[in-house]
Amino acid sequence: MNAGTSTDARTNAGWLARSRAAVFHPCTQMKVHETLPLVPIERGEGAWLYDFDGRRYLDAVSSWWVNLFGHANPRINAAIADQLATLEHVLLAGFTHRPVVELSERLSALTPRGLGHAFYGSDGASATEIALKMSFHAWANRGRPRKRGFVSVAGGYHGETLGALAVTDVPLFRATYEPLLARQATVPSPDARLARGGESPREVAERAARSLEAHLAAHHATTAALIVEPLVQGAAGMAMHDPHYLVRARELCTRYGVHLIADEIMTGFGRTGTLFACEQASIAPDFLLLSKGITGGYLPLACVLSTDDVYASFYDEDVARGFLHSHSYTGNALACRAALAVLDIFRDDDVIAANLGRAARFADRAATLAGHPKVRSFRHRGMIWAFEVTSERADFPRWFFGEALRREVLLRPIDRTVYFMPPYVTTEAEFGLLVDAVLAILDDA
Ligand SMILES: Cc1ncc(COP(=O)(O)O)c(C=O)c1O
């Protein structure tokens, strides 16, 4: 290969041509890449990604919400390298290994009120699938097979495999596949932006909870579980709600005998300011779904934690009453070891406390954005900032993405919502660059 040709492995041009020819990229109309170039990334370090042409990009979305402690983090690297030399993987049916046992013990100790019995999958959607199947099966094992419906929150997102998509309410992802999806119920969102006539976020949450109450009162006999994204509905556009909704959801699920599934795939591991978002409502769900940040953004791993009661419903002489669900890479040793390194960092660096100070300093920097005339509903929780931009452009998300890249920032708006979800290693100066870049884009718009 010669320098300058379209297949040159040293340049962006070479990799983007080959990627377009060989890779079917996710969540993408591939034809878009005729005009919007892919960004080939050669390496990452801290909060930055570097392309083959020597340009850099601040990863302000933590690579689809997975990265916590930066790219190529030396501590996570070292843990994975050590594990690699010991055991990369062994099937988890009939076998076990040190990283999976230690991780399960430590997660159980960290989660609200004794959740445990860690069941592993790979991506977030597999955690959703596991929880839906497990909830239904647990009720069936208890002699309640009619409890097979699920209820989810308007605008909710729980993944894109068929079961997960059935409880997801994002038309862009769902509409095409509607004929394949089991019909499930949706209740109004507690999204604080839906306030009517001076309602407080708590009042919006209470109004949504009353709709949930009406639904459960009518349908609890055929409902297995409610699935919620605690505090922040990510794919809905970082829709934030008052913890009161979770308090009420817990109370109602208990009253009506319906499992509460907390999907903390995005909110878990400190994103909302506490290790798990449920802590801010002092509630414990029946199922806790974890993925994304669990390995610090290194390897696919998902985990479903559940109550002793759920676990006990499967424990029997009868094989068919067991939870006969598996994935080849269930409990992969390398992924579990990465997750253990992540938990070590949380403990050793007191990350939750450090993030509190970091978020307060970042919030000061972001305040200039809140007052911008094109910005609406500026909001912030933990290490997430979001706002809507007033814009007439039909191509706003794509246009904004391109403008941000030109300014060395990786941002992917959701419709008109621009959000920041930076890795926890982002410095104040880097956050300042991010805010300045967005101000410049808004001023140019
Ligand atoms: C709340 C929530 N649940 C589930 C998922 C699905 O995770 P994955 O994309 O890893 O399948 C996501 C992904 O964004 C998510 O934000």
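Structural remarks
- Of all residues in the stretch 132-152, none satisfies the criterion of being more than 14 Å from THR223 (Cα to Cα) and either within 16 Å of the ligand (Cβ to nearest atom) or in contact with a strand residue (DSSP E or B) (Cβ under 9 Å, 6 or more places away or on another chain) (or both).
- The set of residues in the stretch 44-68 being in contact with an Asp or Glu (Cβ under 9 Å, 6 or more places away or on another chain) and closer than 14 Å to ALA339 by Cα consists of ASN67 alone.
- Matching residues, the stretch 394-415, being touching a residue at least 40 places away in the same chain (Cβ under 8 Å), touching a Phe, Trp or Tyr at 6+ places or on another chain (Cβ under 9 Å) and not in a helix (DSSP H, G or I): GLU408, VAL409, LEU410, LEU411, ARG412, ASP415
- Enumerated strands (runs of 3 or more DSSP E) restricted to the stretch 20-95, each holding at least 3 residues that are surrounded by 16 or more Cβ atoms within 10 Å (Cβ to Cβ): 48-51, 56-59
- Long-range neighbours under 8 Å by Cβ, at least six apart or interchain, first residue closer than 15 Å to ALA262 by Cβ and away from the ligand (no atom under 16 Å from the Cβ) within the stretch 110-126, second of a type in the set (Asp, Glu) and open to solvent by 10 Å² or more (accessible area, probe 1.4 Å): PRO112/GLU279; GLY114/ASP308; GLY116/ASP308
- If you check PRO423, PRO413 for being modelled with pLDDT of 95 or more, in contact with a Ser or Thr (Cβ under 8 Å, 6 or more places away or on another chain) and crowded, with 20+ Cβ neighbours inside 10 Å, only one passes: PRO423.
- Candidate set: the stretch 254-285, residues that are touching a strand residue (DSSP E or B) at 6+ places or on another chain (Cβ under 6 Å) and away from the ligand (no atom under 16 Å from the Cβ); chosen: the one nearest to THR307 (Cα to Cα): HIS259
- Conditions (1) at pLDDT 95 or above; (2) out of contact with any Gly (no Cβ under 9 Å at 6 or more places or on another chain); number of the one not met by TRP48: (2)
- Residue under evaluation ALA339, criteria (1) within 23 Å of LEU275 (Cβ to Cβ); (2) open to solvent by 30 Å² or more (accessible area, probe 1.4 Å), criterion not met: (2)
- Looking only at the stretch 160-182, and only at residues there that are away from the ligand (no atom under 15 Å from the Cβ) and either of a type in the set (Asp, Glu) or in contact with a strand residue (DSSP E or B) (Cβ under 9 Å, 6 or more places away or on another chain) (or both), the one that is farthest from SER135 (Cα to Cα): GLU178
- Complete set of residues in the stretch 148-162 that are crowded, with 22+ Cβ neighbours inside 10 Å and touching a helix residue (DSSP H, G or I) at 6+ places or on another chain (Cβ under 7 Å): PHE150, VAL151, HIS158, GLY159
- One residue stands out among those in the stretch 235-248 that are out of contact with any Ser or Thr (no Cβ under 8 Å at 6 or more places or on another chain) and surrounded by 24 or more Cβ atoms within 10 Å (Cβ to Cβ): the one that is nearest to GLU203 (Cα to Cα), which is TYR245.
- Between PHE346, PHE323, the distinction of being over 23 Å from the mean Cα position of the chain (by Cα) and among the hydrophobic types (A, V, I, L, M, F, W, C) belongs to PHE323 only.
- Among the residues of the stretch 63-91, the ones that are within 16 Å of the ligand (Cβ to nearest atom) and either under 13 Å from ASP344 (Cβ atoms) or touching a Ser or Thr at 6+ places or on another chain (Cβ under 9 Å) (or both) come to 2 in all.
The values are calculated or read from the model by the stated rules, or taken from the named source; none is laboratory data. Keep in mind it's a predicted model, so treat the numbers as computed, not measured. All Cβ positions, even for glycine, are placed from backbone atoms using ideal geometry, and neighbour counts span all protein chains on display. To get the accessible areas, we keep the full protein, side chains included, count just its heavy atoms, and leave off ligands, DNA and RNA. Shrake-Rupley method; radii C 1.70, N 1.55, O 1.52, S 1.80 Å.
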